[in-house]
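A short worksheet on the structure shown next.
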Amino acid sequence: MVQGQQLEVLKALDVAKTQWYHFTAIVIAGMGFFTDAYDLFCISLLTKLLGRIYYNVPGSSKPGALPINVAAAVSGVALCGTLAGQLFFGWLGDKMGRKKVYGITLVMMVCMSIASGLSFGKSAKAVMTTLCFFRFWLGFGVGGDYPLSATIMSEYANKKTRGSFIAAVFAMQGMGILAGGIVSLIVASAFEAKFKPPPFKVNAVASLPPESDFIWRIVLMFGAFPAATTYYWRMQMPETARYTALVAKNAKQAAADMSKVLKTEIEAEEEMVEKIGKTQQNQFGLFTKEFARQYGVRLLGTTSTWFLLDIAFYSQNLFQKDLFTSVGWIPPAAEMNAIREVYMVARAQTLIALCGTVPGYWFTVAFIDVIGRWWIQMMGFFFMTVFMFAIAFPYNYWSKKENRIGFIIMYGLTFFFANFGPNATTFVVPAEVFPARLRSTCHGISAATGKAGAIVGAFGFVYASQDPDPAKRDHGYPAGIGKSKSLIVLGVINFIGMLCTLMVPESMGKSLEELAGEVDVEDVEDEHKGSA
């Protein structure tokens, strides 16, 4: 049915054997994602250091800590920027084209990574304000990368391995998280070897060398490097054929671009492009009854699952340092100097990334076109629920020193199944199940809803996870429900994610046009009758 009227250029892409240009596209789009993850998550390694530097109280028995409102702002402001960027650049990608907007987001990420490290001001308030300002706009650029990377990869890929290709781009997020930990480890080791500060309880003043201020700046500015290296290659990529043919209605350009990429001669079907553009199926917009009727349930499915997943995923990622401290995997702050604390937090995050986060992503890449998106998402939510409850209910047991290794294994498994599960599939599916003219916009809406969940997680969890016992929480923090109950709440959220997955369609093995129903089936049947 749909295949009968599909453009030759799109058929050629669907059945193309996996070749060099596929891997080039994965690396180019993936490096953007590598940078996204590095920029968003490296801040969690540095918040304790920022507290020591800018909120130190002379004569206190504890090192300085960021006030709760500042901690929430520093951790969460980039997510607010990301949400705005996903909506704006997602829409712009459908209006101006994927390639043009792709360059804008990259330049923004490079400039704002450098600016974040240069955050200036004489007072703590001034430094934190400028840092939050630059990280908001960094997040804005990062946000644009989500819908554009996914859409470009889905529109370049073939039918058979499309899921693996989009998931491979997303898997670079794991490498970015890992890189954040490794860069922090290297920088902290170098500074500690040079200045050899004593622990806080031995000498509070000497435990914080003035040069410590450079550590967080170097780590943040490094985020500009991977993004800058791929700018040239991004600008060399041709616009995707699906955008050029189905949205820009330029059959000649689409055929010419893909003839070069696929190294084969493709005919330009100008009449067919014109005819497809005029069908009722390709006329209605996002805010119409027709869109709600055809795509409303799947948009509700992609938005709700991403929202619920990100509450759990970002809560875990941004606050794992606090969990590690509470179970004794990181020594009490007073027993370390400022630089050693960065090293210990980075070491813990790197280990979790290496053992749980990164393998989970690549399991998805390996199995998404074998098992299918739906089953991986359902399974991931199920096991995240199980392991969250397994940590939360016997939390006192896990917090004992002798059970630390068990805790780390269980915690690592929740990350593994987040990534061999909904964290990858919620990114893949919205890039496949909507029509070309609204694909980037709908992916942006789904991703932005996810970031709304991340903001709930980042701002909500920092308050909720505070211990009711004043002795066990940082100075000035209000009482929360504690880490154990917070983890139970996250487990329930994962269970609701399983229920919402029932609204998500399976997209494995079908062409993008078939999934989106972009060609009116009745028109095809009428055409056959007419020719008979």
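If R₀ is 56 angstrom, what is the calculated FRET efficiency for the pair Y463 and E274, using the beta carbon separation as r and rounding to 0.05? Walk me through the numbers on the way to the answer.
Values: r = 57 Å, r/R0 = 1.01.
It comes to 0.50.
Given the DSSP H assignment, sum -39500 (n - 2.57) over each helix run of at least 4 residues in the chain and divide by its residue total; what's the result at 222 nm in deg cm²/dmol, nearest 500? Don't skip to the end; give the middle numbers.
Working: 24 runs with 374 residues, N = 532.
It lands at -23000 deg cm²/dmol.
How much solvent-accessible surface does F383 expose, in Å² to the nearest 10, with a 1.4 Å probe and all protein chains in place?
Rounded to the nearest 10, the figure is 70 Å².
Over the heavy atoms of M221, what accessible area does a 1.4 Å probe trace out, to the nearest 10 Å²?
We get 60 Å² for M221.
Report the gain in length on full extension from V202 to K289: 0.36 nm times residue separation, minus Cα-Cα distance, nm rounded to one decimal. Each step should come with its number before you reach the end.
Details: separation 87, 0.36 × 87 = 31.32 nm, distance 6.85 nm.
Once the chain is fully extended between V202 and K289, it gains 24.5 nm.
Could you please state, rounded to a whole Å, how far the C-alpha centre of the stretch 189-254 is from the C-alpha centre of the stretch 357-418?
The distance from the Cα centre of the stretch 189-254 to that of the stretch 357-418 comes to 28 Å.
Would you mind checking the tilt of helix 404-419 against the longest principal axis of the Cα atoms of the chain, expressed as 0 to 90 degrees and rounded to 10?
20
Run the numbers for A366 and I218: contour at 0.36 nm per residue of separation, minus the present Cα-Cα distance, in nm.
Details: separation 148, 0.36 × 148 = 53.28 nm, distance 3.52 nm.
Additional length available on full extension: 49.8 nm.
Using all Cα-Cα distances in the stretch 140-284, what percent lands in each 5 angstrom bin from 0 up to the longest?
2, 7, 11, 14, 13, 11, 9, 7, 6, 5, 5, 4, 3, 3, 1, 0, 0
So, R0 is 25 Å and r is the distance between the beta-carbons of V297 and K160; what FRET efficiency does that work out to, to 0.05?
Values: r = 27 Å, r/R0 = 1.07.
Efficiency, rounded to the nearest 0.05: 0.40.
Can you pick out the pairs among K400/K483; K451/K510; K11/K260 whose Cα atoms lie more than 23 Å from each other? Don't jump to the answer; show the numbers that get you there.
On the way: K400/K483 15 Å; K451/K510 28 Å; K11/K260 16 Å.
Table pairs above 23 Å Cα-Cα are K451/K510.
Describe numerically, in nm with one decimal, the distance between label points set 7 Å from Cα along Cα→Cβ at K485 and at L351.
Taking the two extended label points, one gets 3.0 nm.
Taking R0 as 30 Å, what FRET efficiency do you get between S60 and T129 from their Cβ-Cβ distance, rounded to the nearest 0.05?
Numbers: r = 24 Å, r/R0 = 0.80.
E(calc), rounded to 0.05, equals 0.80.
What's the extension gain from L499 to I405 if we count 0.36 nm per residue and subtract their Cα-Cα distance? Numbers along the way, then the final one.
Numbers: separation 94, 0.36 × 94 = 33.84 nm, distance 3.22 nm.
Here the segment from L499 to I405 would lengthen by 30.6 nm.
The values are calculated or read from the model by the stated rules, or taken from the named source; none is laboratory data. Keep in mind that what you see is a predicted model, and the values were worked out from it rather than measured. FYI the Cβ positions are ideal-geometry reconstructions off the backbone, even for glycines, and counts take in every protein chain you see. What goes into the accessible areas is simple: the full protein's heavy atoms, side chains included, and nothing from ligands, DNA or RNA. Shrake-Rupley method; radii C 1.70, N 1.55, O 1.52, S 1.80 Å.
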